[in-house]
Amino acid sequence: MNIVITGAGKGIGFETAKTFAMDPGNRIVAISRNKHLLENLLTECTNLNAKSEILTIPCDLTSATLVKELPGKILKFISSADILINNAGLLINKPFEDLTEKDFDEIFSTNVKSVFILTQALLPYLNSGSHIVNIGSMGGFQGSSKFSGLSLYSASKAALAVLSECLAEEFKEKGIKVNCLAIGSVQTEMFDLAFPGHTAQLSTGQMAEFIKDFASTGHHFMNGKIIPVSLNSP
Ligand SMILES: NC(=O)c1ccc[n+]([C@@H]2O[C@H](COP(=O)([O-])OP(=O)(O)OC[C@H]3O[C@@H](n4cnc5c(N)ncnc54)[C@H](OP(=O)(O)O)[C@@H]3O)[C@@H](O)[C@H]2O)c1
């Protein structure tokens, strides 16, 4: 399978890219900003599986100009994609009164607009039968517990969830399925920023296994769904 995954330099995206790279026959395109973190990913994948096939591309996904250059780079490695995982994300933890317009633009640009730009850019190269998995958050899941300081982050993830529902409808004719995983807490730098001093429910390795399995087969059973992936209730 050919897989494109964003936010692959660290955290959940790093582990998910690595997990896919362990399977023979997978070709992975891993995107995030920091070149050195992507080099670490390449080294780790090669150490674990000398035959792993992975292309790393440093790119700021909030830049429409840079994103529009991505298909040209990606198509030198894969001719089309079976899975697109929009995982890159940004969290700013601030009381509502302290949030700025710049915070708003950065959060929505990373968590929503970049998904719009990248999905549009890659759409011609997504196979019929392919699966777009948008990584949302329990914070953006209707009726879930909410947390002070995470208003813009949670609102952006709610927007991503509804965008996923809409794209599932629009891409039906193309045979492309779209789902959104509203994930709960996973031990990463982002989690530490949101909940300093706390321990998350899941490790990146555990979540990566789930995302890999879901991205590979979940679209045979569901489309346009926002799925809560959390051990908490509600
Ligand atoms: N951890 C949790 O508990 C949790 C819970 C719910 C949802 N999520 C979601 O899960 C996803 C992964 O989160 P994480 O915890 O693994 O976060 P993380 O450790 O902070 O990793 C975020 C990744 O996104 C990349 N990224 C951020 N801005 C980018 C941009 N403008 N262009 C390209 N890449 C960018 C980062 O790399 P660079 O900085 O190098 O670009 C990094 O690789 C996010 O969408 C997050 O909202 C996480």
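When Ile211 is tested against (1) β-branched (Val, Ile, Thr); (2) open to solvent by less than 50 Å² (accessible area, probe 1.4 Å); (3) part of a loop (DSSP other than H, G, I, E, B), just one condition goes unmet, and that condition is (3).
Is region 128-142 home to any residue that is open to solvent by 50 Å² or more (accessible area, probe 1.4 Å) and closer than 27 Å to Ala64 by Cα?
Yes - at least one qualifying residue is present in region 128-142.
Restricting attention to region 211-228, the residues that are under 14 Å from the mean Cα position of the chain (by Cα) and within 12 Å of the ligand (Cβ to nearest atom) total 1.
Only a single criterion out of (1) closer than 14 Å to Ser114 by Cα; (2) more than 10 Å from the ligand (Cβ to nearest atom); (3) in contact (Cβ under 8 Å) with a residue 40 or more places away in the chain is not satisfied by Ile31, namely (2). Answer yes or no as to whether Glu15 is under 29 Å from Glu106 (Cβ atoms), of a type outside the set (Phe, Trp, Tyr) and either over 18 Å from the mean Cα position of the chain (by Cα) or open to solvent by less than 60 Å² (accessible area, probe 1.4 Å) (or both). When the stated conditions are applied, Glu15 passes them. Reported count of residues in region 38-69, each being without any contact (Cβ under 8 Å) to a residue 40 or more places away in the chain, among the aliphatic types (A, V, I, L, M) and surrounded by 19 or more Cβ atoms within 10 Å (Cβ to Cβ), is 4. Within region 178-199, the set of residues being more than 6 Å from the ligand (Cβ to nearest atom) and open to solvent by 70 Å² or more (accessible area, probe 1.4 Å) comprises Gln187, Asp192, Leu193, Pro196, Gly197, His198, Thr199.
Taking the criterion of being crowded, with 21+ Cβ neighbours inside 10 Å and either assigned to a helix (DSSP H, G or I) or within 12 Å of the ligand (Cβ to nearest atom) (or both), the residues of region 82-91 that qualify are Ile85, Asn86, Asn87, Ala88, Gly89, Leu91. Here Leu231 clears all of (1) modelled with pLDDT of 95 or more; (2) open to solvent by 30 Å² or more (accessible area, probe 1.4 Å); (3) outside any helix (DSSP H, G or I) except the condition numbered (1).
Just one of (1) open to solvent by 70 Å² or more (accessible area, probe 1.4 Å); (2) more than 18 Å from the chain's Cα centre (by Cα) fails for Ser151. It is (1).
Of all positions in region 95-103, none carries a residue that is within 15 Å of the chain's Cα centre (by Cα) and open to solvent by less than 20 Å² (accessible area, probe 1.4 Å). Among the residues making up region 1-28, those that are closer than 16 Å to Leu70 by Cβ and more than 13 Å from the ligand (Cβ to nearest atom) are Asn2, Ile3, Arg27, Ile28.
The values are calculated or read from the model by the stated rules, or taken from the named source; none is laboratory data. All values reported here derive from a predicted model rather than from experimental measurement. Note that each Cβ is placed from the backbone with ideal geometry, even for glycine, and that neighbours are counted across all protein chains shown. SASA here: full protein model, heavy atoms, side chains in, ligands and nucleic acids out. Shrake-Rupley method; radii C 1.70, N 1.55, O 1.52, S 1.80 Å.
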